[in-house]
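Working notes, structure below.
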2 protein chains.
Amino acid sequence: MVNYPHKLSSKKKQEVTSQTKNFANRGMTFEKMINATNDYYLTHGLAVIHKKPTPVQIVRVDYPQRSRAKIVEAYFRQASTTDYSGVYEGFYIDFEAKETKQKHAIPMKNFHPHQIRHMEQVLEQKGICFVLLHFSSYQETYLLPALDLVRFYHQDMGKKSMPLDYIKEFGYVIEQSAFPQIPYLDTVKQHLLGGKTI
Amino acid sequence: MVNYPHKLSSKKKQEVTSQTKNFANRGMTFEKMINATNDYYLTHGLAVIHKKPTPVQIVRVDYPQRSRAKIVEAYFRQASTTDYSGVYEGFYIDFEAKETKQKHAIPMKNFHPHQIRHMEQVLEQKGICFVLLHFSSYQETYLLPALDLVRFYHQDMGKKSMPLDYIKEFGYVIEQSAFPQIPYLDTVKQHLLGGKTI
């Protein structure tokens, strides 16, 4: 019982630290953090990376007089590529971002066969390709090279999810910061380009 | 008058040649030819280049029971980037494709300020960036480097259209073929990469 107040205090301290760490990004979804990061890269002239528009199959469009065309029937299509692509110093950059509330793994249903195929095609063309995986319960983000995702996909097709341990073994943790929020380009430069220049 | 039948015959011959030349692509819109070209490059493992989805602002979605989500109100948004992007041997490739029925120039209203700004950003990041310009009345296609488009845009803001002579001076003609239809990658390799490799 002597230690009880001490323990409480320690826990409280931990909470405060944790709050401080994530303060800048609190309440933002992972997608918004990435978009803000890409905006930061763009406005600072560091990279040109955009999210692709949501693919939509347009069935019917009305053209009301004196106003702009209105789509009145359309459906979401499954993306055949990844969500983000662009250029950094001449290099083609291509990635997908996924968020999970799970603590020890990410469900593999997050990655469609089409997207896996696209990543393979990009790798064959020597593109820089990876996934950003966000564990929202810890607010931790990892960059996993597409090669390691593709290997897991083919070796462990039966497995429903990819363990965090696998991600930690082959991927790289990305420390969140205020500006930019998810500085994935540092990781790309350090680990994926290996000193390559164009 | 002695030469008349000869002249007729010559003209006829020319028509036949011209028909043969464009036979493979007859009736295809320029966009379809480019998409077919990109499909060819993809399936032959030569490059991974996709058209971006049309940007749509989704306002209202219905979720009918036991069927998929239906978008019932949406509007077209103006594209803030170019239509095509992808990777060739590690290089970032980015382009816009435009078609005109005019014979001696292409209207500059085809290029929105946002797209010009995007091309400038891509060039700053050392991306390979250009426009494919198609003159449908001749069935002739030119690749004009983005640098030359951007220069024209800033130097001749007042001008409503870019003359074919300017395009011929700074661009490269792309000979149509059957497979792939618009082999722009050959022009990129020959004139835009200048022997660069990653």
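Since every read-out is calculated from the coordinates, none of them should be taken as a lab result. This one's a predicted model, so the numbers in the text were calculated from it and none came from an experiment. Note: ideal-geometry Cβ built from the backbone for every residue, glycine included; neighbour counts use all protein chains shown.
Here are a few things to note about the model shown:
- Placing a label point 7 Å from the Cα of B:GLU31 along the Cα-to-Cβ direction, the residues of the range A:57-82 whose backbone N falls under 12 Å of that point are A:58.
- Estimated distance in nm for a label pair at B:LYS109 and A:ALA178, the labels positioned 7 Å out from Cα along Cα-to-Cβ: 4.7 nm
- Residues A:MET108, B:MET28, B:MET33 in ascending order of nearby Cβ atoms (within 10 Å, fewest first): B:MET28, A:MET108, B:MET33.
- Nonlocal amide H pairs with A:THR82, under 5 Å, H built at 1.01 Å: none
- Building the convex hull from the alpha-carbon atoms of the protein assembly as shown and averaging its projection over directions returns 29.4 nm².
- Cβ-based exposure ranking for B:PHE95, A:PHE170, B:PHE135, in which fewest neighbours within 10 Å come first: A:PHE170, B:PHE135, B:PHE95
- Per-residue ellipticity at 222 nm, computed for chain A from helices alone with -39500 (n - 2.57) per DSSP H run of at least four residues, works out to -10000 deg cm²/dmol.
- FRET efficiency estimate (nearest 0.05) - Cβ-Cβ, A:GLN102 to A:HIS154, R0 22 angstrom: 0.50
- Relative contact order for chain B, counting Cα pairs under 8 Å that sit 6 or more residues apart, in percent: 19 percent
- Too-long pairs where the Cα-Cα distance tops 32 Å, listed order kept, from A:LYS51/A:LYS109; A:LYS189/B:LYS196; A:LYS109/B:LYS98; B:LYS51/B:LYS109; B:LYS159/B:LYS196; A:LYS109/B:LYS51: A:LYS109/B:LYS98; B:LYS159/B:LYS196
- Fewest neighbouring Cβ atoms within 10 Å first, the residues A:THR43, B:THR100 line up as A:THR43, B:THR100.
- Listed by chain and number, the aspartates and glutamates placed with their C-alpha closer than 12 angstrom to that of A:LYS52 are A:ASP83, A:ASP94, A:GLU96, B:ASP83; residues fewer than eight positions away on the same chain are left out.
- Looking at the range A:27-192 alone, DSSP beta bridges between its own residues are antiparallel in about 75 percent of cases.
- Computed on the range B:41-198, the Cα convex hull volume stands at 168 Å³ per residue.
- Selection of trypsin sites (Lys or Arg not before Pro), the range A:52-159, meeting DSSP coil and at most 16 other Cβ within 10 Å: A:ARG66, A:ARG68, A:ARG77, A:LYS101, A:LYS103, A:LYS159
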